[in-house]
1. What shape does the chain have by the C-alpha gyration tensor, where a ≥ b ≥ c are the square roots of the eigenvalues, rounded means a/c under 1.5, and otherwise prolate means a/b greater than b/c and oblate the rest?
2. Could you work out the helix-only [θ] at 222 nm for the chain, with each DSSP H run of four or more residues adding -39,500 (n - 2.57) and the total divided by the number of residues, to the nearest 500 deg cm²/dmol?
3. When a/c reaches 1.5 or more, the comparison of a/b and b/c decides; with that in mind, is the stretch 52-123 rounded, prolate or oblate per its Cα gyration tensor?
4. Using θ = phi - 60° and the Karplus curve 6.51 cos²θ - 1.76 cosθ + 1.60, what whole-Hz ³J(HN,Hα) does each residue of the stretch 90-98 get, with Gly and Pro shown as x?
5. Quick one: which residues, 5+ away or cross-chain, put their amide H under 5 Å from the amide H of Lys4? H built at 1.01 Å from N.
6. Give the order of Lys5, Lys118, Lys96 when sorted by the count of other beta carbons within 10 angstrom, beginning with the fewest.
7. Taking every alpha carbon pair in the stretch 1-73, what does the distance histogram look like in 10 angstrom bins from 0, in percent?
8. Mind checking which of Lys106, Lys34, Lys70 has the largest fluctuation in a GNM of the chain, springs on alpha carbons under 10 Å?
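None of the figures in this text is laboratory data; all of them are computed from the coordinates on show. Predicted, not measured: the structure shown is a model, and the values here were computed from it. As a convention, Cβ positions derive from the backbone with ideal geometry for all residues, glycine included, and neighbour counts pool all protein chains shown.
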Amino acid sequence: MDTKKILIADDNQNIRDALTYLLEDEGYELLLAKDGAETLRKVRDLRPDILFLDIMMPEINGYDVCRTIKADPLLKDTYVIMLTAKGQVAEQERGKEVGANEYIVKPFSPMEILAKVKSIFRN
């Protein structure tokens, strides 16, 4: 069975560390990116199963990263979870418009993240 890959794309080191700590014991291969350009490179090269994607990142914002991934026939099946401090309904709608599969608002519950990942991999 292939190891499932999760890319955590966030410019905040604390968020990357927290998600890594939460998910590393579950046996997933964790990949990290700290800006939008690095995120796109890693999605193209490493093909993660799930992408946790911050919206406000340097170089290319999360909306544009998501739009680019979902427009690419080879990458469109990447499961994108927007992870952001922007909890307004308008922001969530914009996330859906660019193709995000889920939208989780910071601060998030670690148990919610773990349950979400396990649920995605079960389906």
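1. rounded
2. On the way: 5 runs with 55 residues, N = 123.
About -13500 deg cm²/dmol.
3. Oblate, because a/c is 1.5 or more while a/b does not exceed b/c.
4. Each residue of the stretch 90-98 in turn: 4, 5, 5, 4, 5, x, 5, 4, 8 Hz.
5. So Lys4 has HN proximity to Glu29.
6. Details: Lys5 17, Lys118 10, Lys96 13.
Listed from fewest to most nearby Cβ atoms, that is Lys118, Lys96, Lys5.
7. Taking every Cα pair in the stretch 1-73, the percentages come to 21, 54, 23, 2.
8. Lys106
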